[in-house]
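Enquirer: First, the structure itself, so that you have it in front of you.
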Amino acid sequence: MKYVGILILGLSISKLTHADVYLGKYEGYEYYLLPSKTKQVTGTKYEVAMERYVAKDIKKDGIAQGGYTLYKRYIDCANRQVATISWANYTKANKLISNDKVNHVKYYDIFPRSWGSALYNEVCR
């Protein structure tokens, strides 16, 4: 019985260390950082994976409630900027709908009280 308790405790601890980080919501979407996929590219630049989950289907864009978009992005902590590298759209059953990548990476300033600001606070602190 002691071994089962230790096993359950070990599983719950490992799950907590790999949990997605909630970044906020906007116009029916919820934004999450996937910390296990974050890697440092240079001293102040990181490559991150983010999920945009459709909590309420407001836009008719082919992704219904429960579907999501996975983004790969760069965040430049020194300049408070973010850039999108690629994205992939999935149904709630994890079926790939479409994917694409940018030809030229363009950085944008991070606005206060946005998912970008929450991302900056999580990655760059």
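For every residue, the table says whether it meets (1) within 19 Å of Val21 (Cβ to Cβ); (2) modelled with pLDDT of 95 or more.
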residue: Gly43; (1), (2): no, no
residue: Ala49; (1), (2): yes, yes
residue: Asp57; (1), (2): no, no
residue: Lys60; (1), (2): no, no
residue: Ile63; (1), (2): no, no
residue: Lys72; (1), (2): yes, yes
residue: Ile75; (1), (2): yes, yes
residue: Tyr107; (1), (2): no, yes
residue: Pro112; (1), (2): yes, no
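Enquirer: Separate question: Could you grab me the full set of residues in the range 77-94 that are at pLDDT 95 or above and exposed (fewer than 11 other Cβ atoms within 10 Å of the Cβ)?
Expert: Ala78
Enquirer: Okay, next question. Inspect all residues belonging to the range 104-115 and state whether any of them is in contact with a strand residue (DSSP E or B) (Cβ under 7 Å, 6 or more places away or on another chain), over 20 Å from Thr42 (Cα atoms) and surrounded by 12 or more Cβ atoms within 10 Å (Cβ to Cβ). Break it down into steps so the answer makes sense when it comes.
Expert: Looking only at the range 104-115, we keep the residues that are in contact with a strand residue (DSSP E or B) (Cβ under 7 Å, 6 or more places away or on another chain), and these are 105-110, 115.
Subsequent filtering for residues that are over 20 Å from Thr42 (Cα atoms) retains 115.
Checking which are surrounded by 12 or more Cβ atoms within 10 Å (Cβ to Cβ) leaves us with 115.
Within the range 104-115, one or more residues are in contact with a strand residue (DSSP E or B) (Cβ under 7 Å, 6 or more places away or on another chain), over 20 Å from Thr42 (Cα atoms) and surrounded by 12 or more Cβ atoms within 10 Å (Cβ to Cβ).
Enquirer: Inspect all residues belonging to the range 24-36 and state whether any of them is surrounded by 11 or more Cβ atoms within 10 Å (Cβ to Cβ), touching a Gly at 6+ places or on another chain (Cβ under 6 Å), in a strand (DSSP E or B) and modelled with pLDDT of 90 or more.
Expert: yes
Enquirer: Quick one: which residue in Glu47, Glu122 is touching a strand residue (DSSP E or B) at 6+ places or on another chain (Cβ under 9 Å) and part of a helix (DSSP H, G or I)?
Expert: Every option except Glu122 fails the conditions.
Enquirer: Only strands (runs of 3 or more DSSP E) wholly contained in the range 56-106 count here; list those with 2 or more residues that are under 19 Å from Gly28 (Cα atoms) and not charged (D, E, K, R).
Expert: Values: elements: 68-76, 81-90, 96-101.
Output list reads 68-76, 81-90.
Enquirer: Let me ask you something else. More than 25 Å from Asp109 (Cβ to Cβ) and at pLDDT below 90: is that true of Ser12 in this structure?
Expert: When the stated conditions are applied, Ser12 passes them.
Enquirer: Evaluate the following for Asp100: is it at pLDDT 95 or above and surrounded by 17 or more Cβ atoms within 10 Å (Cβ to Cβ)? Break it down into steps so the answer makes sense when it comes.
Expert: On the way: at pLDDT 95 or above: yes; surrounded by 17 or more Cβ atoms within 10 Å (Cβ to Cβ): no.
Judged against the criteria, Asp100 is not a match.
Enquirer: Output the qualifying pairs, or none if there are none: Cβ atoms under 7 angstrom, residues six or more apart or on different chains, first residue in the range 96-125 and in contact (Cβ under 8 Å) with a residue 24 or more places away in the chain, second residue surrounded by fewer than 11 Cβ atoms within 10 Å (Cβ to Cβ) and small (Gly, Ala, Ser).
Expert: The qualifying pairs are Ile97/Gly62.
Enquirer: Please list, ordered by first then second residue, the pairs with beta carbon atoms under 9 Å, 6 or more apart or interchain, first in the range 39-53 and free of Cβ contacts under 8 Å to residues at least 40 places away in the same chain and of a type in the set (Phe, Trp, Tyr), second surrounded by fewer than 15 Cβ atoms within 10 Å (Cβ to Cβ) and not in a strand (DSSP E or B).
Expert: Close Cβ pairs (under 9 Å, with a partner that is surrounded by fewer than 15 Cβ atoms within 10 Å (Cβ to Cβ) and not in a strand (DSSP E or B)) amount to Tyr53/Gly66.
The values are calculated or read from the model by the stated rules, or taken from the named source; none is laboratory data. Predicted model, so just to flag it, every value in this text is computed and none were measured. Cβ: placed from backbone, ideal geometry, glycine included. Neighbour counts: every protein chain shown.
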